[in-house]
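Chemist: Just passing along the structure, written as structure tokens.
The values are calculated or read from the model by the stated rules, or taken from the named source; none is laboratory data. These figures come from a predicted structure and were not determined experimentally. Ideal geometry is used to build each Cβ from the backbone, glycine not excepted, and the neighbour counts take in all protein chains shown. With ligands, DNA and RNA removed, areas are computed over all heavy atoms of the protein, side chains included. Shrake-Rupley method; radii C 1.70, N 1.55, O 1.52, S 1.80 Å.
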Amino acid sequence: MFSLEQLVSFVAVAEELHYGRAAERLSMTQPPLSRRIQLLERELGVELFDRTHRAVRLTPAGRVFLAEARKILRSSQEATLYVRRAKKGEVGVVTLGFTATAAYSYLERVLAATNAEVPGVDLVLREMVTSAQVAELLAGGIDLGMIRPPVTGGDIVTMPLWREPLLAALSSAHPLARRKKNPGIRDFDGEPFIMYSPSEGRYFHDMLVAVFRAARVLPEYTQYPSQVHTVLALVKADLGVALVPAAAAALRFEGVVLRPVDGIEGRPVELELMWRRGNDNPALGALLTVIGGLARRGHQSTVD
């Protein structure tokens with residue numbers, strides 16, 4: 001099989017059509033250059049040049065091989081550059097897990113920042129609940145996860161990404177939706193309420209139980225879905241009211257009104273990024289830098 005060194009020598013002679021000039025271009029003497037060409041011709045089983053005392057010309061086979069040799073050398077150079085960029089984390093593939101609610105708002109920011117700052121990194125997206133993301137992260141199925149806290153583990157590292165408020169989700173026909181003032185937390189006492197599943201929607205379930213317990217409020221739980229879009233569909237069907245993260249506004253559910261709630265302070269809904277310590281994917285570090293900058297800017301906006 002011919003070598004890249006032989007191809008470089010052949011292209012130099014083909015472009016110069018003069019062994020002396022080609023040798024000078026390659027910073028070598030003419031005899032070893034001639035031997036390289038002869039070995040290449042022997043390997044290919046064809047003559048690449050017509051040689052006379054006065055001129056060197058490409059044969060028909062040589063003209064065909066010149067085009068192919070240039071392609072091979074260009075591919076080799078591109079591969080070398082790609083590998084060097086991959087080592088720096090500038091190119092590669094990162095598998096990112098995310099919860100459904102993260103897709104309503106924050107995921108779009110991550111995708112935009114990745115495309116702008118590390119366009120050579122391709123993201124493979126997988127929608128999963130937090131518990132499934134943890135299992136996949138530890139098994140090596142994903143590199144990153146956008147999850148609801150808390151998540152613990154010896155090899156798991158987390159970083160806060162975003163905080164957002166809870167909003168009341170009300171059927172447009174509901175009396176609380178028709179009032180001019182915002183509902184208060186005590187308005188949910190005894191009210192038919194769409195609660196989250198204690199297993200598949202555990203993060204929001206436990207949060208709301210704590211919110212109602214602190215306010216000494218006891219709604220009448222009617223359904224236990226796991227996903228926010230299902231919660232909104234049940235609210236629209238007038239099966240109860242609900243509390244949803246502010247990101248749910250991106251769904252623009254017709255027939256459902258979203259209102260702030262007096263008595264629920266701050267931004268209790270948290271989103272975190274997790275990854276496994278020791279992950280040797282070079283592109284992961286570059287992406288963590290991008291998302292880390294995004295998170296810091298987001299944190300400043302929530303503080304302001």
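Chemist: Starting from the Cα of Arg70, step 7 Å toward the Cβ, then list every residue of segment 12-33 with an amide N under 17 Å from that point.
Modeler: Within reach of a label on Arg70: 12-18.
Chemist: What whole-number value in Å² describes the accessible area per residue of the chain for a 1.4 Å probe?
Modeler: Details: 16390 Å² over 304 residues.
Result: 54 Å² per residue.
Chemist: If amide H atoms are built 1.01 Å from N in the plane of the peptide, which residues on other chains or at least 5 residues away come under 5 Å of the amide H of Leu58?
Modeler: Placed amide hydrogens put Asp50 under 5 Å from Leu58.
Chemist: Can you show me the helix-derived [θ] at 222 nm for the chain, built from DSSP H runs with n ≥ 4 at -39,500 (n - 2.57) apiece and divided by the number of residues, rounded to the nearest 500.
Modeler: Per the formula, -14500 deg cm²/dmol.
Chemist: May I pose another question? Please figure out what share of the DSSP beta bridges in segment 166-260 is antiparallel and state it in percent, rounded to the nearest 5. Show your work: numbers first, answer last.
Modeler: Numbers: 9 of 13 bridges.
Percent antiparallel among DSSP bridges in segment 166-260 is about 70.
Chemist: Of the heavy-atom accessible surface of the chain (probe 1.4 angstrom), what whole percent is carbon and sulfur? Present the calculation step by step, with values, prior to reporting the outcome.
Modeler: Values: 8430 of 16390 Å².
That share works out to 51 percent.
Chemist: To the nearest 10 square angstrom, what accessible area does Glu24 show with a 1.4 Å probe?
Modeler: Per-residue accessible area (Glu24): approximately 140 Å².
Chemist: Related question: Share of antiparallel DSSP beta bridges in the chain, in percent to the nearest 5?
Modeler: Numbers: 24 of 39 bridges.
Of those bridges, close to 60 percent are antiparallel.
Chemist: A follow-up question, please. If you add up the charges near Leu218, with Lys and Arg at +1 and Asp and Glu at -1, over every other residue whose beta carbon is less than 11 angstrom from its beta carbon, what do you get?
Modeler: 0
Chemist: Taking θ as phi - 60°, what are the ³J(HN,Hα) couplings along segment 23-34 by the Karplus curve (6.51, -1.76, 1.60), each to the nearest whole Hz, with x for Gly and Pro?
Modeler: Here the 3J(HN,Hα) series is 5, 5, 4, 8, 6, 8, 8, 6, x, x, 5, 4 Hz.
Chemist: Could you give the length gained on full extension between Thr158 and Glu15, defined as 0.36 nm per residue of separation minus the Cα-Cα distance, in nm?
Modeler: 45.8 nm
Chemist: Moving to a separate point now. Considering only Leu144, Gly45, Gln133, whose Cα is most displaced toward the positive end of the charge dipole of segment 26-151, charges sitting on Cβ of Lys, Arg (+1) and Asp, Glu (-1)?
Modeler: The listed residue farthest towards the positive side: Gly45.
Chemist: Convert 25 °C to kelvin, take the viscosity as 0.890 mPa s, use the Kirkwood radius over C-alpha pairs of segment 4-79 as Rh, and evaluate the Stokes-Einstein diffusion coefficient in µm²/s, rounded to a whole number. Show your work: numbers first, answer last.
Modeler: On the way: Rh = 12.5 Å.
The calculation lands on 197 µm²/s.
Chemist: Moving to a separate point now. Measuring from centroid to centroid over Cα atoms, what is the spacing of segment 3-53 and segment 212-240 in Å?
Modeler: Here the answer is 79 Å between Cα centres.
Chemist: What is the dipole size for the chain, taken about its Cα centre, with +1 at each Lys and Arg Cβ and -1 at each Asp and Glu Cβ, in debye to the nearest 20?
Modeler: Roughly 740 debye, rounded to the nearest 20.
Chemist: If you look for lysine pairs in the chain that are eight or more places apart or on different chains, how many of them have Cα atoms under 29 Å apart?
Modeler: Working: Lys71/Lys87; Lys71/Lys88; Lys180/Lys236; Lys181/Lys236.
Lysine pairs, 8 or more places apart or on different chains, close enough: 4.
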